[in-house]
1. Can you say whether Leu76 is under 18 Å from Ile18 (Cβ atoms) and touching a residue at least 12 places away in the same chain (Cβ under 8 Å), as far as the supplied structure shows?
2. Taking Leu106 as the residue in question, decide whether it is under 16 Å from Asp43 (Cα atoms) and either modelled with pLDDT of 95 or more or in a helix (DSSP H, G or I) (or both).
3. Inside segment 109-119, can you point out the residues that are part of a helix (DSSP H, G or I) and surrounded by 13 or more Cβ atoms within 10 Å (Cβ to Cβ)?
4. Look through Ala92, Ala88, Ala75, Ala37 and report the one residue that is in contact with a helix residue (DSSP H, G or I) (Cβ under 8 Å, 6 or more places away or on another chain), surrounded by 16 or more Cβ atoms within 10 Å (Cβ to Cβ) and at pLDDT below 95.
Amino acid sequence: HCGPYTPPPHTHTHSHSILSLLTSPPPPSQVAAASTACNLALDFSNVAPALVEAGLPQALTSLLNSMMPELRLKALWAFKNLAFNCEARLQALLLRELSWGVFRELLTGDDDVAVRGQAVGLLQNLCKGGDSIEQVRSYVD
């Protein structure tokens, strides 16, 4: 059969399980779930759309304020992967979920250099494409 790929029905169940682990302590479970989300958020992943639909951007946003640098790093990494070559609709969703104040702090003031690096990578991915720079510019203003 040579039609479009349809994710298996259990994809949505797994998406909700990952989101549940992201938003619930203990921190080691959150770190493991965030690492998994980084891999599943890649642009070629067939699970990424189900994760976005289930609320991954919102769950990641909650991790950006974590006291644990590793959680901030993984959240930014997953955001960066979602933003890579994304459609305008997903880019707009990601920009709505990111608070500019929090994002600016992660870009310029985070104590962890790896976190700042991921924030720069996310900004680069958000600025790729035709109208992307204009969307980011209006987000910053």
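1. Details: under 18 Å from Ile18 (Cβ atoms): yes; touching a residue at least 12 places away in the same chain (Cβ under 8 Å): yes.
So Leu76 fits the description; yes.
2. Numbers: under 16 Å from Asp43 (Cα atoms): no; either modelled with pLDDT of 95 or more or in a helix (DSSP H, G or I) (or both): yes.
Judged against the criteria, Leu106 is not a match.
3. Filtering segment 109-119 for residues part of a helix (DSSP H, G or I) gives 113-119.
Ala114, Val115, Arg116, Gly117, Gln118, Ala119 - these are the residues of segment 109-119 that are part of a helix (DSSP H, G or I) and surrounded by 13 or more Cβ atoms within 10 Å (Cβ to Cβ).
4. On the way: Ala92 fails: surrounded by 16 or more Cβ atoms within 10 Å (Cβ to Cβ); Ala88 fails: surrounded by 16 or more Cβ atoms within 10 Å (Cβ to Cβ); Ala75 fails: at pLDDT below 95.
Answer to the selection: Ala37.
Condition check ((1) surrounded by 15 or more Cβ atoms within 10 Å (Cβ to Cβ); (2) on the phi > 0 side of the Ramachandran plot; (3) assigned to a helix (DSSP H, G or I)) across all residues:
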{"position": "His16", "(1), (2), (3)": "no, no, yes"}
{"position": "Leu19", "(1), (2), (3)": "yes, no, yes"}
{"position": "Pro25", "(1), (2), (3)": "no, no, no"}
{"position": "Ala33", "(1), (2), (3)": "yes, no, yes"}
{"position": "Pro57", "(1), (2), (3)": "yes, no, yes"}
{"position": "Ser62", "(1), (2), (3)": "no, no, yes"}
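The values are calculated or read from the model by the stated rules, or taken from the named source; none is laboratory data. Just so it is clear, the model here is predicted, and its values are computed rather than measured. For neighbour counting, all protein chains shown are included, and Cβ atoms are generated from backbone atoms with ideal geometry for every residue, glycine included.
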